[in-house]
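Below is one structure, written out as structure tokens; comments come after it.
The values are calculated or read from the model by the stated rules, or taken from the named source; none is laboratory data. Please read all numbers here as calculations on a predicted model, not as lab measurements. Glycine gets a Cβ as well: all are built from the backbone with ideal geometry, and neighbour counts include every protein chain shown. Note: accessible area is taken over every heavy atom of the protein model, side chains too, but ligands, DNA and RNA are not part of it. Shrake-Rupley method; radii C 1.70, N 1.55, O 1.52, S 1.80 Å.
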Amino acid sequence: MPRVINMVLAGALGGTFAAAPLAAEARCIDAFMTGLAEYEAGERRSKPSFRVNELLVLCFVPQQSGFVAIFDAPIKGDFQQLYPNALTHPEGQTYAEVSAGESYCFGTRETFPLYHPEEEGIGDGKISIALTSREEDQLAEDDYAIPGQRVARDRMQLHLGSHQRSQAKCAARDVTYLDYRITR
């Protein structure tokens, strides 16, 4: 079975950008992931698959202010933290404060690139965007196998199990999932 791809981060600092509404159905965390070329052409909805080494953009809009951490979940192995990361938060923060109604995009030319390198194979993956209303509801530093980078699968599944899957009404702990496939 092919190994699942982890996002690779490189480049400059992350940022926030205004964008069009992300989904027709309101959720506490509206999100999409698409290719950079499609994003630059105005696409603002998720694409189901990406090619190896294709540049992609991940955007989300929280409907409540709070604290966020974004992870990539492979089929096997640990979860990889995508944001915050060493490029966007060099002091090692494992979650970032976000404001209600503001759009946050990563993988644009103004932020750091996101892509799946060939050496990591092809297969299915899932992005988890975890939003909490309180800092103490995010993962603690000792929950990480490598702080700010990697969380053991069982620990992450336990953590995400305490979150409500994003709906129209926000909860103290919300999560939105974006499924994707990597092809050649």
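Numbers for the structure displayed
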{"item": "Filtered residue count, segment 119-149, keeping only those that are among the charged types (D, E, K, R) and under 29 Å from Gly101 (Cα atoms)", "result": "6"}
{"item": "Residue in segment 96-108 that is surrounded by 22 or more Cβ atoms within 10 Å (Cβ to Cβ), of a type outside the set (D, E, K, R) and on the phi > 0 side of the Ramachandran plot present", "result": "yes"}
{"item": "Residue ID - least open to solvent (accessible area, probe 1.4 Å), chosen from residues in segment 156-180 that are closer than 20 Å to Thr94 by Cβ, part of a strand (DSSP E or B) and without any contact (Cβ under 8 Å) to a residue 60 or more places away in the chain", "result": "Tyr177"}
{"item": "Condition met for Leu87 (under 14 Å from the mean Cα position of the chain (by Cα), closer than 21 Å to Ala31 by Cβ and touching a residue at least 40 places away in the same chain (Cβ under 8 Å))", "result": "no"}
{"item": "Residue pairs meeting the criteria (Cβ under 7 Å; at least 6 apart or on separate chains; first farther than 19 Å from Cys59 by Cβ and touching a residue at least 24 places away in the same chain (Cβ under 8 Å), in segment 126-141; second of a type in the set (Val, Ile, Thr) and buried (at least 20 other Cβ atoms within 10 Å of the Cβ))", "result": "Gln138/Thr94; Gln138/Thr132; Leu139/Thr94; Leu139/Val151; Glu141/Thr94"}
{"item": "Leading residue by the ranking (farthest from Asp179 (Cα to Cα)) among those in segment 83-128 that are among the small types (Gly, Ala, Ser) and touching a helix residue (DSSP H, G or I) at 6+ places or on another chain (Cβ under 7 Å)", "result": "Gly107"}
{"item": "Which listed residue is open to solvent by less than 40 Å² (accessible area, probe 1.4 Å) and modelled with pLDDT of 95 or more, from Leu22, Leu36", "result": "Leu36"}
